[in-house]
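These notes are about the structure you will find just below.
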Amino acid sequence: MYDKKIPIKTIYSNEVFVFSEEEYCAIENEKKYYENTRSVCIEALKIVQNKRGWVCDGAINAISEILNIPPSDIEGVATFYSQIFRKQVGRHIIRYCDSVVCYINGYKDIQKKLEQNLNIKPGQTTIDSRFTLLPICCLGNCDKGPIIMVNEKTYIKLKPNDIVNILEQYQ
């Protein structure tokens, strides 16, 4: 039975963070699979992010409480992994590869076309919160560059003219 609320008031906000019943139960369930609660940290971050879209300061502190780990350790994990978002992001995350191989294959033209069509720079989110544009060191398809990933779908061997059609698929 869910009966535990962990209200946390952060120094950065007047908001109080409280896990939803679903989040709390999911994190508690994950703890069953690990001997050390530190091992649950990434899963707990993913649980919160999947529910809320990102991980706020209050969530870091609440995860710290439930796992009995210092908040600085949770923050360290959250900021180490590029898949954990510490600020609000758009409904669709566009990652473009900016590795040396993709550079040689023309990722700069893809980046420029994305910036023009979305009217944002890397690391920013569109005004309508539809897209967030993020550079990433490598997407693991070096032989197929330049590439982008929108959410979980990868687009390979792109040309700048492909960008408009790709963006239209995501509302």
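The values are calculated or read from the model by the stated rules, or taken from the named source; none is laboratory data. Since we're looking at a predicted model, the values are computed, not measured. Ideal geometry is used to build each Cβ from the backbone, glycine not excepted, and the neighbour counts take in all protein chains shown.
In table form, for the structure just shown:
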quantity: Filter result for I74 (surrounded by fewer than 16 Cβ atoms within 10 Å (Cβ to Cβ), among the aliphatic types (A, V, I, L, M), out of contact with any strand residue (DSSP E or B) (no Cβ under 9 Å at 6 or more places or on another chain) and under 24 Å from I136 (Cα atoms)); calculated: no
quantity: For A59: the one exception among (1) surrounded by 15 or more Cβ atoms within 10 Å (Cβ to Cβ); (2) of a type in the set (A, V, I, L, M); (3) over 30 Å from Y24 (Cα atoms); calculated: (3)
quantity: Test: residue in region 131-152 that is charged (D, E, K, R), at pLDDT 95 or above and either at negative phi or surrounded by fewer than 16 Cβ atoms within 10 Å (Cβ to Cβ) (or both); calculated: no
quantity: Tally of residues being over 19 Å from G53 (Cβ atoms), of a type in the set (S, T, N, Q) and free of Cβ contacts under 8 Å to residues at least 40 places away in the same chain across region 118-160; calculated: 2
quantity: Selection within region 141-155 - outside any loop (DSSP other than H, G, I, E, B) and either touching a His at 6+ places or on another chain (Cβ under 9 Å) or within 14 Å of Q111 (Cβ to Cβ) (or both); calculated: I148, M149, V150, Y155
quantity: Test: residue in region 18-36 that is of a type in the set (A, V, I, L, M, F, W, C), part of a helix (DSSP H, G or I) and either farther than 16 Å from A78 by Cβ or modelled with pLDDT under 55 (or both); calculated: yes
quantity: Those residues of region 37-74 which are part of a helix (DSSP H, G or I) and under 14 Å from the mean Cα position of the chain (by Cα), in sequence order; calculated: I42, E43, A44, L45, K46, I47, V48, Q49, N50, K51, R52
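Rundown of residues vs (1) part of a loop (DSSP other than H, G, I, E, B); (2) closer than 21 Å to K46 by Cα; (3) of a type in the set (V, I, T), yes/no style:
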position: Y103; (1), (2), (3): no, no, no
position: N117; (1), (2), (3): no, no, no
position: K121; (1), (2), (3): yes, no, no
position: P135; (1), (2), (3): no, yes, no
position: L139; (1), (2), (3): yes, yes, no
position: K157; (1), (2), (3): yes, no, no
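Conditions tested, residue by residue: (1) over 22 Å from the mean Cα position of the chain (by Cα); (2) more than 15 Å from H92 (Cα to Cα).
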{"residue": "D109", "(1), (2)": "yes, yes"}
{"residue": "P122", "(1), (2)": "no, no"}
{"residue": "S129", "(1), (2)": "no, no"}
{"residue": "N141", "(1), (2)": "no, yes"}
{"residue": "P146", "(1), (2)": "no, yes"}
{"residue": "K153", "(1), (2)": "no, no"}
{"residue": "Q171", "(1), (2)": "no, no"}
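Every residue, every condition in (1) modelled with pLDDT of 95 or more; (2) among the polar types (S, T, N, Q); (3) closer than 30 Å to G145 by Cβ, yes or no:
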position	(1), (2), (3)
I47	yes, no, no
N61	no, yes, no
I74	yes, no, no
T79	no, yes, yes
I84	no, no, yes
I94	yes, no, yes
